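Visitor: Sharing a structure here in structure tokens format.
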Amino acid sequence: MPSTIHTLGFPRIGAQRELKFALEQYWRKEISLQALEATGAELRQRHWQAQRDAGLDLVTVGDFAFYDHMLNHIQWLGCEPARFGFDGAEADLLRAFAMARGVAQEDGAAEEGGTFALEMTKWFDTNYHYLVPEFHPDTRFAGQADRLLAEVEQAQALGHKVKVVLVGPLSFLWLGKEKQAGFDRFKLLDDLLGAYERILARLAERGVEWVQLDEPILGLDLPDAWRHAFERAYWQLARSAPRILLASYFSPLDDNLRMACQLPVAGLHVDAVRAPAELLRVADWLAAPHKVLSVGIVDGRNVWRTDLDAALARLREVAAKHKGELWLAPSCSLLHVPISLESEERLDPELRSWLAFAQEKLAELGLLRAALDLGGQLPAAQQSAWDSARAALQSRRSSTRVHREEVARRIVSSVPGDDQRASAFAVRQAAQRAHLKLPLLPSTTIGSFPQTPAIRAARAALRKRALTEEAYRTRMQEEIRDVVRRQEALGLDVLVHGEAERNDMVEYFGEQLDGYAFTANGWVQSYGSRCVKPPVIYGDVLRRAPMTVAWTQYAQSLTPRWMKGMLTGPVTMLQWSFVRDDQPRALTCEQIAWAIRDEVVDLEKAGIAIIQIDEPAFREGLPLRRAGWRSYLDQAARAFRISASGVRDETQIHTHMCYSEFNDILPDIAALDADVITIETSRSDMELLRGFGDFHYPNEIGPGVYDIHSPRVPEAQEMERLLRKAATVVPVERLWVNPDCGLKTRGWPETEAALSRMVQAAQRLRTELGGAAAGEREREPALIA
Ligand code: GLN
Ligand code: ZN
């Protein structure tokens, strides 16, 4: 039986980010809704054609979204939250954008009418953000999915054989949130299933033969009630549906494996990249010969070419076991990789030969199918493609750009104490207090100051060589001088240089490290029209030369106050990149850690006494299943400590994290052993800090006292109130005063206004609470004499 090839989904943003630009033009009222719709239709058509050209047997419909696929489902299923007050007469895209972006007050919406946008959160462990469905006891699913049906018709009219993709009912429900205390969204399942039944029946009527229902929550640790519901749900859906391909991805099925294999569906897709060890067990359990097994054999989460020989060997093993039809696919939707290498002419050819983006991954499926079905006798063109894939892999394996002996040697020769500061925190704290002589409740910021158009223009000019390196440096030094003056005038205690010279906190360092590469057009959707271009870590990571020392030293030379050095930590450097797949992630992380450590030590040598190592992505790396947490956390904390532990006791290491839950990993945050951690807490009204207090977090903490996402300037009293609240949770002599996060997206007027009130609040409390703490902490002026 010939095998089928298909994809779980295709990137929707367009090879030239056409969707992004059309959306933004539409929002700026430069193009009409019809023009935007036309762009969407054209992109769908193009992407289906790409699938057809690659020889796929089915094209996937339903993966396109103007903003987000979960938002599509909210509309298709008919559960738009009542708080938006839609009367049903608005165009569906207008309602979608209202839910995605909120409705501004000047548009006539009620003040407190609840027209803020739907919450947005990360799609499993990816960097894609989806809009969170809201559930109430009276939520009903009345949907007809007209728009989905229209897309199906569009594809059919183009002559494609269609497979529709939908997020499955249990995952959809799981990923939403109750908006009423005490209510359990699980109660909505029956009504929700009714809506799925209706939509599936409509698809069947249209002649759709296959529907892929994505249930990625099969890769999570689920409560029993949810696990058991799968059986009931799928029995019910199977009645009215076209043939269902149940798709799981991102994580092993584990305790859900047998259940998933036995559901009354026509096929099961599994992620053979993230869960290779399960593949044969799935083939065993999927005993029914009429069931399709779809093997996610090509990595949909990363940018590397597939090792075709190894993949073929795996597929042959499965084929020998599985009596039913075999389908081949990427492990998950290709949403998470860039579209095509075609627009990477400037990437060096060797590195380029190692990569495969979405389009190239589809071609790999074609090759694998041919090899599997033809038993090794490939037509000449395919044989030559196979040979060059093999050669590219060989060159990657043996390249001296990938394997650097000095990096390996360094890791091998590291000794147990390398990830520990020389002394315990209490000793360091005393040494730092004696050395730094900071006041009680020292004030600081998180690193970046407003990235003004002028700064960005200077960087663009440098790139286009309209500005010399020399002129650019002078320009950035002016910027640094300016922010130092402003901070001194504001009366901040610990200053920063402002990060004007940095485009992005990962890219800036990646560009200065060996082993990192940057694509010209490797965009991946993050949310809505927002795309990111993650760097590619292809080889051993090595620091060529100091990266930040000159800027920081220059900044310190301008002021008698302490200048805080500013670095991005190893976990964040890893998490926000495409990571090489030829060695464990933990090892790559450790290599980065050593490179950062060298920078930390050089900063210390240059007289920088306070160094911040940012780790906003620390929590993002957590595996989807709890069983994987321990080893991830141990490794991540160790990498951070390696980067931080090369300095003397007197040197104060800060870290910064934001916009994530900390409460369930507090011991691991403490295990970083940073002298000071600054976190984002103002949005939760300091509630986030409570966890640190209950846990008796041992080191110093700067809980953010104002939200940097809003241009609103809070009153000094508001910040004072938050600080007072903080002081009831954490002893005041261990508290710092700072905003939630960096200020690069803000303008200067609101930044200065907010910081001046923040400093005022700190000073007021210092006087008030200082008496109590004075016995414990010797206070001296903030200035270094
Ligand atoms: N130091 C960085 C800044 O201030 C931190 C950014 C972040 O937390 N994402 O911009
Ligand atoms: Zn932050």
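Visitor: For Lys744, list the aspartates and glutamates whose Cα falls under 12 Å from its own Cα; do not include residues on the same chain fewer than 8 positions away.
Guide: Partners within reach: Glu499, Glu501, Asp504.
Visitor: While we're on this one: Suppose we keep just the DSSP beta bridges with both residues in the chain; what percent of those would be antiparallel, to 5?
Guide: 15 percent
Visitor: OK, next. Can you give the charge dipole size of the stretch 557-597 about its Cα centre, rounded to the nearest 20 debye, using +1 on the beta carbon of Lys and Arg and -1 on the beta carbon of Asp and Glu?
Guide: 300 debye
Visitor: Could you sort 602-608, 534-540 so that the peptide with the highest average Cβ count within 10 Å comes first and the rest follow in order?
Guide: Going by the mean number of other Cβ atoms within 10 Å, highest first, we get 534-540, 602-608.
Visitor: Going by how many other beta carbons lie within 10 Å of each one, how would you line up Tyr706, Tyr659, fewest first?
Guide: Ascending number of Cβ neighbours within 10 Å: Tyr659, Tyr706.
Visitor: Counting only C-alpha contacts under 8 Å and six or more residues apart, can you give the relative contact order of the stretch 303-392 as a whole percent?
Guide: The value is 43 percent.
Visitor: Figure the gain on full extension for Ser414 and Phe695 (residue separation times 0.36 nm, minus the Cα-Cα span) and round it to one decimal in nm.
Guide: 98.0 nm is the gain from fully extending Ser414 to Phe695.
Visitor: Using alpha-carbon positions, what is the distance between the centroids of the stretch 207-236 and the stretch 50-71, in Å?
Guide: The stretch 207-236 and the stretch 50-71 have Cα centres separated by 21 Å.
Visitor: For Cα pairs less than 8 Å apart in space and 6+ apart in sequence, what is the mean separation divided by the residue count of the chain, i.e. the relative contact order in percent?
Guide: Reported as a whole number, the value is 11 percent.
Visitor: Something else: Give, rounded to the nearest 20 debye, the magnitude of the charge dipole that the stretch 208-316 has about its Cα centre when Lys and Arg contribute +1 at Cβ and Asp and Glu contribute -1 at Cβ.
Guide: Taking the Cα centre of the stretch 208-316 as origin, the dipole is about 280 debye.
Visitor: Then there's this: Testing the spin-label approximation: label points 7 Å from Cα along Cα→Cβ at Ala545 and Ala753. State their distance in nm.
Guide: Distance between the two pseudo-spin positions: 4.4 nm.
Visitor: Same structure again: Just going by the charge dipole of the stretch 5-158, with Lys and Arg at +1 and Asp and Glu at -1 on Cβ, which of Leu93, Asn72, Leu23 is farthest out on the positive end?
Guide: The residue sitting farthest along the positive end of the dipole is Leu23.
Visitor: Determine the calculated [θ] at 222 nm for the chain from helices alone, applying -39500 (n - 2.57) to every DSSP H run no shorter than 4 residues and normalising by the residue count; nearest 500 deg cm²/dmol.
Guide: Taken over the chain, the calculation gives -13500 deg cm²/dmol.
Visitor: Next question. Taking 7 Å along the Cα-to-C-beta vector as the label spot, tell me the Val427-Leu374 distance in nanometres, rounded to one decimal.
Guide: 6.9 nm
Visitor: Right, something else. Label-point separation (nm) for Tyr508 and Ala606, each offset 7 Å from Cα along Cα-to-Cβ?
Guide: Those two pseudo-labels are separated by 1.2 nm.
Visitor: List, in order, the whole-Hz ³J(HN,Hα) value for each residue of the stretch 216-225 obtained from phi through the Karplus relation with A = 6.51, B = -1.76, C = 1.60 and θ = phi - 60°; use x for Gly and Pro.
Guide: x, 5, 5, x, 10, 7, 9, x, 4, 4
Visitor: Here is a follow-up. Go through the stretch 49-64 residue by residue and turn each phi into a ³J(HN,Hα) via Karplus (6.51, -1.76, 1.60, θ = phi - 60°); whole Hz please, and just put x for glycine and proline.
Guide: Those phi angles translate into 4, 4, 5, 4, 4, 7, x, 5, 7, 10, 9, 9, 10, x, 8, 6 Hz.
Visitor: Something else: Report the one residue of Phe141, Ala288, Val407 whose Cα lies farthest in the direction of the positive end of the charge dipole of the chain (charges on C-beta: Lys and Arg +1, Asp and Glu -1; origin at the Cα centre).
Guide: Val407
Visitor: I've got another one for you. What is the magnitude of the charge dipole of the chain about its Cα centre, with +1 placed on the Cβ of each Lys and Arg, -1 on the Cβ of each Asp and Glu, and no other charges, expressed in debye to the nearest 20?
Guide: Charge dipole, the chain, about its Cα centre: 860 debye, nearest 20.
Visitor: Near the amide H of Thr655, under 5 Å away, which other amide H atoms are found, from residues 5 or more places off or on another chain, if H is placed in the peptide plane?
Guide: Ile613, Val676, Ile677, Thr678
Visitor: Tell me, what ³J(HN,Hα) does each residue in the stretch 501-507 have, in order and in whole Hz, if you take phi through Karplus 6.51 cos²θ - 1.76 cosθ + 1.60 with θ = phi - 60° and put x for Gly and Pro?
Guide: Karplus-based 3J(HN,Hα) across the stretch 501-507 equals 7, 9, 6, 7, 5, 9, 4 Hz.
Visitor: Calculate, for Glu209 and Glu30, the FRET efficiency according to 1/(1 + (r/R0)^6) with r their C-beta to C-beta distance and R0 35 Å; round to the nearest 0.05.
Guide: Using R0 = 35 Å, I get an efficiency of 0.30.
Visitor: Would you work out which of Leu365, Ser171, Ala277 lies farthest towards the positive end of the dipole of the chain? Charges go on Cβ: Lys and Arg +1, Asp and Glu -1.
Guide: It is Leu365.
Visitor: Just for the Cα atoms in the stretch 543-651, what are the lengths along the principal axes, largest first, rounded to whole Å?
Guide: Answer, in whole Å and largest first: 49, 25, 21 Å.
Visitor: Let me check I have the definition right: for the chain, take the eigenvalues of the Cα gyration tensor, multiply each by 5, take square roots. What are those semi-axes in whole Å, largest first?
Guide: Each semi-axis is the square root of five times an eigenvalue, giving 47, 31, 25 Å.
Visitor: Collect residues whose amide H, placed 1.01 Å from N in the peptide plane, falls under 5 Å from the amide H of Trp304; neighbours closer than 5 in sequence don't count.
Guide: Ala356
Visitor: In degrees between 0 and 90, to the nearest 10, how far off the longest principal axis of the chain does helix 585-605 point, with axes built from Cα atoms?
Guide: On a 0 to 90 degree scale, this one is about 20.
Visitor: Mind running the shape call on the stretch 466-556? Use the C-alpha gyration tensor, a ≥ b ≥ c as the square roots of the eigenvalues: rounded below 1.5 for a/c, prolate if a/b tops b/c, oblate otherwise.
Guide: Taking the square roots of the gyration eigenvalues as a ≥ b ≥ c, the stretch 466-556 is prolate.
Visitor: Tell me, Kirkwood radius of the stretch 1-46 from alpha-carbon pair distances, in Å?
Guide: 12.0 Å
Visitor: Quick one: length gained pulling Glu661 to Thr559 fully straight, 0.36 nm per residue minus the C-alpha distance?
Guide: 33.1 nm
Rule-based calculations on the coordinates, nothing more; no lab input. Predicted model, so just to flag it, every value in this text is computed and none were measured. Every residue, glycine among them, receives a Cβ derived from its backbone with ideal geometry; neighbour counts consider all protein chains shown.
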